[in-house]
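The values are calculated or read from the model by the stated rules, or taken from the named source; none is laboratory data. Keep in mind that what you see is a predicted model, and the values were worked out from it rather than measured. Heads up, the Cβs are rebuilt from the backbone with ideal geometry, glycines too, and the neighbour counts pull from every protein chain shown. With ligands, DNA and RNA removed, areas are computed over all heavy atoms of the protein, side chains included. Shrake-Rupley method; radii C 1.70, N 1.55, O 1.52, S 1.80 Å.
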Amino acid sequence: MNVILIKALQLLCCLSLLVVLHEGGHFMFSKLFKVRVEKFYMFFNPKFHLFSTKDKWFAKLFPRIAKNETEYGIGWVPLGGYVKIAGMIDESMDKEQMKQPAKPDEFRSQPVWKRFFIMVGGVLMNLITALVIYSAIMFTWGRDVMPMENVKDGFVFNKEGQKMGFVDGDIPLKINGEKIAYFDASMLRPLSEAENVTVLRDGKEVTFDVPANHPDMLEMSEMNPPLLAPFVLAEIDSVMPDSPAQKAGLAQCDCILAVDGQPVRCWADFDAIMLRKSDKLAVCSAADSLALRKMTLVYMSKATEKVDTIQLELNENYMLGIVKTQLSDYAEYKHLDYNFFESIPAGCAYGWKQLTGYVHDLKYVFTPKGAKSVGSFITIGSIFPDQWDWLKFWNLTALISIILAVMNILPIPGLDGGHVMFLLYEAITRKPMSEKAQEVAEYIGMGLLILLMIWAFGNDLMRFVF
């Protein structure tokens, strides 16, 4: 199956599930408080829909369901979904209904605390969904982690890392006095706010202060070569058939020592050299690109135990055709298993860590670099794997559920957080905001959201098309 189709299918399944659950949160609290819900739609339905319980053919087959006060349906624009709650100013902008006298079963007739729960119901459902998914992952698959003490050969650091005070071979143990349990990408968050770091250096614990002007997390995450990478010897795990590496005589367990005169101590060094080469390829002429495909490589042969130098040419995709040894070949991952009762607190703790981390990182959206990183559905779809993998699918679904919860609670009219803002105003002033003011705010909020979607889509076009 086509890779794009697989990614698109995963994205559609993920968003369909999360949208139904989010809107189901609003629906559940509305029904709990006996507030009339007029429509519950998966996907939007401008002008027409794909399915509705109010369709004539459905009404003939299932008359009792069709008589229900709520119309259930599926729209044709797969960009979300909605519930239309009676007596509420929302994106439907149903002004005619709001001109009528308020009825007891309408949203506007309810006390503030009931309306509050109806509005935050979707966000609560997204958060609960994420915690349930993470708990189920812990119970079904467990978790593989890399304890810092297992990375016995230490780390290599780029220039920015060395300016912070790190030395190649260091093993970070504590950041601001807090122990680092495992090596993973989340290390960058505390590192970006580090005042002091404790490392294991030459068998001894050393603590040093970090300069105040060190890079922030966004800058760290974009670094290539990365701020820190485990020291993994540049030893070849396997060679692909008919690849430039095989034609040049490279074999399994051979160790690369230098590329184009630049020393290679580990795979991090090799990756940095190849990155610089690819950067040049992106801007050079066709004639120069052919020259850049040529490579001089020094390696230690496993078979002869001798150092040899070879000339080779990268393939049309500028690849050498080798599979690298991984960190797991040198350091042992620890697998954590959880029974049913253990998986719930473990999943909730992991979900809380993801939530607080995302909230922490949200501030970078308001920086020039962060604004450029904002993406649309194209970016979200691209993070799904090329092949269907249930573990990765559920991990990403849980993360996206957290993102939807946080984004929806932002105090922007048109989002749930905007309605909560109106309710807080009413609770403080003891009088509701005028319907006209709410309408104007709703229009402004929807306009801002549309502009944000256009900006995100534009970023994706720049990244993936041009």
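Taking the listed residues Ala212, Ala248, Ala268, the one that is of a type in the set (A, V, I, L, M), at pLDDT below 90 and either surrounded by fewer than 16 Cβ atoms within 10 Å (Cβ to Cβ) or in contact with a His (Cβ under 7 Å, 6 or more places away or on another chain) (or both) is Ala212, with no other qualifying.
Of all residues in segment 1-51, those satisfying the criterion of being among the small types (Gly, Ala, Ser) and under 20 Å from Met88 (Cβ atoms) are Gly24, Gly25, Ser30. Meeting the requirement of 3 or more residues that are in contact (Cβ under 8 Å) with a residue 24 or more places away in the chain and among the aromatic types (Phe, Trp, Tyr), the helices (runs of 4 or more DSSP H) wholly within segment 379-466 are 435-464. Report yes if Asp105 is more than 28 Å from Ile128 (Cα to Cα) and open to solvent by less than 60 Å² (accessible area, probe 1.4 Å), otherwise no. For Asp105, the condition - more than 28 Å from Ile128 (Cα to Cα) and open to solvent by less than 60 Å² (accessible area, probe 1.4 Å) - is not met. Screening Met220 with (1) farther than 27 Å from Lys179 by Cβ; (2) touching a Ser or Thr at 6+ places or on another chain (Cβ under 7 Å); (3) buried (at least 18 other Cβ atoms within 10 Å of the Cβ) gives one miss only, at (1).
Looking at (1) modelled with pLDDT of 90 or more; (2) under 30 Å from Ser301 (Cα atoms); (3) open to solvent by 30 Å² or more (accessible area, probe 1.4 Å), can you tell me which one Cys255 breaks? Every listed condition holds for Cys255 apart from (3). Tyr358 falls short on exactly one of the conditions (1) part of a strand (DSSP E or B); (2) surrounded by fewer than 16 Cβ atoms within 10 Å (Cβ to Cβ), and that condition is (1). Phe29 meets all of the listed conditions (1) surrounded by 17 or more Cβ atoms within 10 Å (Cβ to Cβ); (2) at positive phi but one, namely (2). Screening segment 132-174 for residues that are open to solvent by 60 Å² or more (accessible area, probe 1.4 Å) and in contact with a helix residue (DSSP H, G or I) (Cβ under 7 Å, 6 or more places away or on another chain) and picking the one that is farthest from Phe341 (Cα to Cα) gives Trp141. Got at least one residue in segment 378-392 being within 27 Å of Leu451 (Cα to Cα) and touching an Asp or Glu at 6+ places or on another chain (Cβ under 7 Å)? Yes.
Okay, residues lined up against (1) at pLDDT 90 or above; (2) over 23 Å from Val120 (Cβ atoms); (3) basic (Lys, Arg):
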| position | (1), (2), (3) |
| --- | --- |
| Ile4 | no, yes, no |
| Leu12 | no, yes, no |
| Leu17 | yes, no, no |
| Leu21 | yes, no, no |
| Gly25 | yes, no, no |
| Ser30 | yes, no, no |
| Phe33 | yes, no, no |
| Arg36 | yes, no, yes |
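Residues in segment 323-351 that are in a helix (DSSP H, G or I), touching a helix residue (DSSP H, G or I) at 6+ places or on another chain (Cβ under 8 Å) and not acidic (Asp, Glu): Phe340, Ser343, Ile344, Ala346, Gly347, Cys348, Tyr350, Gly351.
The one condition from (1) of a type in the set (D, E, K, R); (2) outside any loop (DSSP other than H, G, I, E, B); (3) over 25 Å from the mean Cα position of the chain (by Cα); (4) within 22 Å of Ala331 (Cβ to Cβ) that Asp144 does not meet is (3).
Of the residues in segment 69-92, at least one is modelled with pLDDT under 85, under 34 Å from the mean Cα position of the chain (by Cα), closer than 19 Å to Gly414 by Cβ and of a type in the set (Ser, Thr, Tyr).
Looking at (1) crowded, with 16+ Cβ neighbours inside 10 Å; (2) in contact with a strand residue (DSSP E or B) (Cβ under 9 Å, 6 or more places away or on another chain), which is the only condition Val440 fails? Going through the list (1) crowded, with 16+ Cβ neighbours inside 10 Å; (2) in contact with a strand residue (DSSP E or B) (Cβ under 9 Å, 6 or more places away or on another chain), Val440 breaks only (1). Any residue at all in segment 86-102 that is assigned to a loop (DSSP other than H, G, I, E, B) and more than 30 Å from Lys431 (Cβ to Cβ)? Taking every residue of segment 86-102 in turn, none turns out to be assigned to a loop (DSSP other than H, G, I, E, B) and more than 30 Å from Lys431 (Cβ to Cβ).
Every listed requirement among (1) farther than 22 Å from Lys294 by Cα; (2) touching a Pro at 6+ places or on another chain (Cβ under 8 Å); (3) of a type outside the set (S, T, N, Q) is met by Phe231 save one, (2).
Every condition in (1) part of a helix (DSSP H, G or I); (2) at pLDDT 90 or above; (3) not basic (Lys, Arg) holds for Pro241 except the one numbered (1). Residue check: is Thr207 open to solvent by 50 Å² or more (accessible area, probe 1.4 Å), of a type in the set (S, T, N, Q) and at pLDDT 90 or above? Judged against the criteria, Thr207 is a match. Do we have Ile322 as among the β-branched types (Val, Ile, Thr), open to solvent by less than 30 Å² (accessible area, probe 1.4 Å) and at negative phi here? Against the criterion (among the β-branched types (Val, Ile, Thr), open to solvent by less than 30 Å² (accessible area, probe 1.4 Å) and at negative phi), Ile322 qualifies. For segment 248-271, a residue qualifies if it is outside any loop (DSSP other than H, G, I, E, B) and touching a residue at least 60 places away in the same chain (Cβ under 8 Å), and the qualifying residues are Ala248, Cys266, Ala268, Asp269. For segment 325-347, filtering for residues that are aromatic (Phe, Trp, Tyr), without any contact (Cβ under 8 Å) to a residue 12 or more places away in the chain and surrounded by 12 or more Cβ atoms within 10 Å (Cβ to Cβ) leaves 0. The residue of segment 51-65 that is surrounded by the most Cβ atoms within 10 Å (Cβ to Cβ), among those that are out of contact with any strand residue (DSSP E or B) (no Cβ under 9 Å at 6 or more places or on another chain) and assigned to a helix (DSSP H, G or I), is Ala59.
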